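Input: a single structure, listed below in structure tokens.
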Amino acid sequence: MFQYTDFDHRFVRERAEQFRGQVSRRLSGELSEEQFKPLRLMNGVYLQLHAYMLRVNIPYGQLSSAQMRKLAHIARTYDRGYGHFTTRQNVQFNWPKLKDIPDILNELADVEMHAIQSSGNCIRNVTADHFSGVAADEVTDPRIYAEIVRRWSTLHPEFTYLPRKFKIALSGSDADRAAVYFHDIGLILQNNDDGETGFKVLVGGGQGRTPMKGRVVKDFLRWPDLLSYLEAVLRVYNLIGRRDNKYKARIKILLHETGLEELKALIDREWCFTKKTVGPVTERDIADIQSRLVLPEYGPVDEGGVAKTETAKAENPDFAHWLKSNTHDHKRDGYRIVTLSLKPTGGIPGDLTADQMDQVADLADRFSLGEMAVSHEQNIVFPHVKQSALFELWTDLQNIDLATANIGRIGDIISCPGMDYCALATTRSIPVARRISENFAELDRQHDIGEIRVKISGCINACGHHHVGDIGLLGVDRRGEEYYQLSLGGKIGSDSAIGTIIGPAFSTDEVVDAVEAVIETYLELRQTDETFSDAVERLGLAPFKARLYPENFHDAA
């Protein structure tokens, strides 16, 4: 876990006290809501449908057990007893009173957390692969560079008021568990033929009303040049990005309007300047981050751990399902990475109660050396679990409803808060997610269906990432009635793709049956060991359309 410097501690405390003064002026009427808006946004405070919402940064998704306990305390003391983990590796509290938010920020500072730049037209929370530091396939630990980017971007004087919000994600491997192709800037760590470490740089990815896949602007960027190049990209965007229309103010629109080659030329021209004004990242910088990125002390492993786990697996099919879907390879022998599903059958995706947060913190101390991570898929990761302890951990997770064996399966639904909370949403997302979860509750069936991701957004802003779901659902308002468009074929990774809308939208009463029809069609037509994604690529949309719209479908053959 990264540990704050003295400056970090002082800076966060002072910022919290500044905001206390701003809140006081708002409550007294000295500031109008319109005047207060830019101040609260820069401190992570939204005005949602029913109340203020506080979004707390979890930089590159990393959490300690002490920080999780503090989140539990905040949920219990200042909110309604729960928190919501988001697709941006943040946590949101939906019901704080405005007068209490400065106290919450002070409490967060106690455990080296804050809400600075978690909203507003600035560089947002820097995200990374939730398996960072332990993934068997990573080139190097991306958290080091994520921290460098976080330091550089926080309150950067030139990028505090950008044309629109700006998001940066890093991946330590080509596996891309951070969705880097759908960020304003995506950075993929890699080694060149000479063994040097650097980045493939992607620009212009994003979802929302105009979904676009990021384009490569630099095949290999040496790591010392990271900040000078990022500065060049941001300067170009800040100078010529659209400000006349907020829907066209993202860098993806700039890329679309200028073209890739022209944008690359503009960035390179600016880079000639920033290389002179922005110092290179140095070995000393890396060493400083590494000294504060305190690594856990791995103890000796039980040599019989694998055999012990295999015996439990053979005796318990439910445990076998969980091992297959919820654990992953670790770079150290004798350890596994474990994902705790925050998607119990019929539950609200991403929600944890205060009691569960405390229990997760206790389990992290017992089983994961006190560390955990938040995934962009709205789950919690234990990165350091001994192979020999897997069955015991699974047993304890069952007692707090966090052992559902559905990671990467149809029950592992990503969902935005929708119209239950969000003032921008046009439909509800949570009830649909819960009904789909209940429809596919049987774990044997989920594992028979195999890897598939369902993602739901309550409006065109796409906070539920529906564009990149194997099955994506977009809520649309039709004369006051809630309908849902289905798209198929979305995915993240090096072969990432934006899903294709399959046809007319389905009413809220029809949408679960529509998802069922898509799955049944896949099961009938799949080849041996063929995933849903591969089947859609092979079959195209025609057989799914025929099942969903039989009265309107005409086979061109």
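The values are calculated or read from the model by the stated rules, or taken from the named source; none is laboratory data. Remember, it's a predicted structure, so these values are computed and weren't measured experimentally. Cβ sites come from the backbone with ideal geometry, for glycine too, and all protein chains shown count toward neighbours.
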Evaluation of residue 258 against (1) modelled with pLDDT of 95 or more; (2) not assigned by TED's automatic domain parsing to the domain that holds residue 212 (one fails), failing number = (2)
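Going by what's in this entry, would residue 224 be described as at pLDDT below 95 and under 16 Å from residue 278 (Cβ atoms)? Steps first, answer last, please.
Working: at pLDDT below 95: no; under 16 Å from residue 278 (Cβ atoms): yes.
No, not satisfied.
In region 251-272, what residues are in contact (Cβ under 8 Å) with a residue 40 or more places away in the chain and closer than 12 Å to residue 236 by Cα?
The answer is 251, 254, 255, 263, 264, 267, 271.
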Within the set of pairs 6+ apart or on separate chains, which have a first residue in region 296-324 that is closer than 23 Å to residue 365 by Cβ, a second that is among the aliphatic types (A, V, I, L, M) and part of a loop (DSSP other than H, G, I, E, B), and C-beta atoms under 7 Å apart?
-> 296/369; 322/403; 322/405
Out of region 123-165, which residues are buried (at least 21 other Cβ atoms within 10 Å of the Cβ), touching a His at 6+ places or on another chain (Cβ under 7 Å) and more than 20 Å from residue 182 (Cβ to Cβ)?
-> 134
Total residues in region 135-161, condition under 18 Å from the mean Cα position of the chain (by Cα), among the hydrophobic types (A, V, I, L, M, F, W, C) and either under 18 Å from residue 332 (Cα atoms) or not in a helix (DSSP H, G or I) (or both) = 1
Selection within region 274-305 - over 27 Å from the mean Cα position of the chain (by Cα) and part of a loop (DSSP other than H, G, I, E, B) | 278, 279, 280, 282, 297, 298, 299, 300, 301, 302, 303, 304
Among what's in region 290-306 and is within 12 Å of residue 389 (Cα to Cα) and not charged (D, E, K, R), pick the residue that is modelled with the highest pLDDT.
-> 301
What pairs come up if the first residue lies in region 462-475 and is closer than 17 Å to residue 517 by Cα, the second is surrounded by 24 or more Cβ atoms within 10 Å (Cβ to Cβ) and of a type in the set (Ser, Thr, Tyr), and their beta carbons are under 6 Å apart, counting only those six or more places apart or on different chains?
-> 473/484
Does residue 373 satisfy the criteria of being in contact with a strand residue (DSSP E or B) (Cβ under 7 Å, 6 or more places away or on another chain), farther than 28 Å from residue 311 by Cβ, modelled with pLDDT of 95 or more and outside any loop (DSSP other than H, G, I, E, B)?
-> yes
Among what's in region 364-381 and is of a type in the set (A, V, I, L, M, F, W, C) and buried (at least 24 other Cβ atoms within 10 Å of the Cβ), pick the residue that is nearest to residue 436 (Cα to Cα).
-> 380
Could you give me the residue pairs with C-beta distances under 6 Å whose first residue belongs to region 510-535 and is closer than 12 Å to residue 448 by Cα, whose second residue is acidic (Asp, Glu) wherever it lies, and which are 6+ apart or on separate chains?
-> 531/451; 532/470
Counted residues in region 288-314 being surrounded by 11 or more Cβ atoms within 10 Å (Cβ to Cβ) and either within 30 Å of residue 148 (Cβ to Cβ) or of a type in the set (Lys, Arg) (or both) come to 11
Hey, any hits in region 533-545 for a residue that's over 28 Å from residue 376 (Cα atoms), crowded, with 23+ Cβ neighbours inside 10 Å and either touching a His at 6+ places or on another chain (Cβ under 8 Å) or not assigned by TED's automatic domain parsing to the domain that holds residue 343 (or both)?
-> yes
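In the list 389, 403, 433, which residue meets the criterion of being part of a helix (DSSP H, G or I) and in contact with a Phe, Trp or Tyr (Cβ under 6 Å, 6 or more places away or on another chain)?
On the way: 403 fails: part of a helix (DSSP H, G or I); 433 fails: in contact with a Phe, Trp or Tyr (Cβ under 6 Å, 6 or more places away or on another chain).
Testing whether each residue is part of a helix (DSSP H, G or I) and in contact with a Phe, Trp or Tyr (Cβ under 6 Å, 6 or more places away or on another chain) leaves just 389.
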Might you check whether a residue that is without any contact (Cβ under 8 Å) to a residue 40 or more places away in the chain, assigned to a loop (DSSP other than H, G, I, E, B) and outside the structural domain of residue 204 (by TED's automatic domain parsing) occurs anywhere in region 444-453?
-> no
Unique residue being in a loop (DSSP other than H, G, I, E, B) and either modelled with pLDDT under 95 or assigned by TED's automatic domain parsing to the domain that holds residue 455 (or both) when the list is 164, 209 = 209
Determine which single condition residue 239 fails, assuming it passes every other condition in (1) within 28 Å of residue 460 (Cα to Cα); (2) in contact with a helix residue (DSSP H, G or I) (Cβ under 6 Å, 6 or more places away or on another chain); (3) part of a helix (DSSP H, G or I).
-> (2)
Hits in region 481-495 (condition: buried (at least 19 other Cβ atoms within 10 Å of the Cβ) and outside any strand (DSSP E or B)) | 489, 490, 492
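Are there helices (runs of 4 or more DSSP H) fully within region 500-557 with at least 2 residues that are hydroxyl-bearing (Ser, Thr, Tyr)? List them. Spell out the reasoning first.
Numbers: elements: 511-525, 532-539, 542-548.
Output list reads 511-525.
Looking only at region 167-206, how many residues end up being touching a residue at least 24 places away in the same chain (Cβ under 8 Å) and part of a strand (DSSP E or B)?
16
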Count of region 1-48 residues which are in contact (Cβ under 8 Å) with a residue 40 or more places away in the chain, exposed (fewer than 15 other Cβ atoms within 10 Å of the Cβ) and in a loop (DSSP other than H, G, I, E, B) = 2
For residues in region 242-255 being within 12 Å of residue 162 (Cβ to Cβ) and part of a helix (DSSP H, G or I), which is modelled with the lowest pLDDT?
-> 246
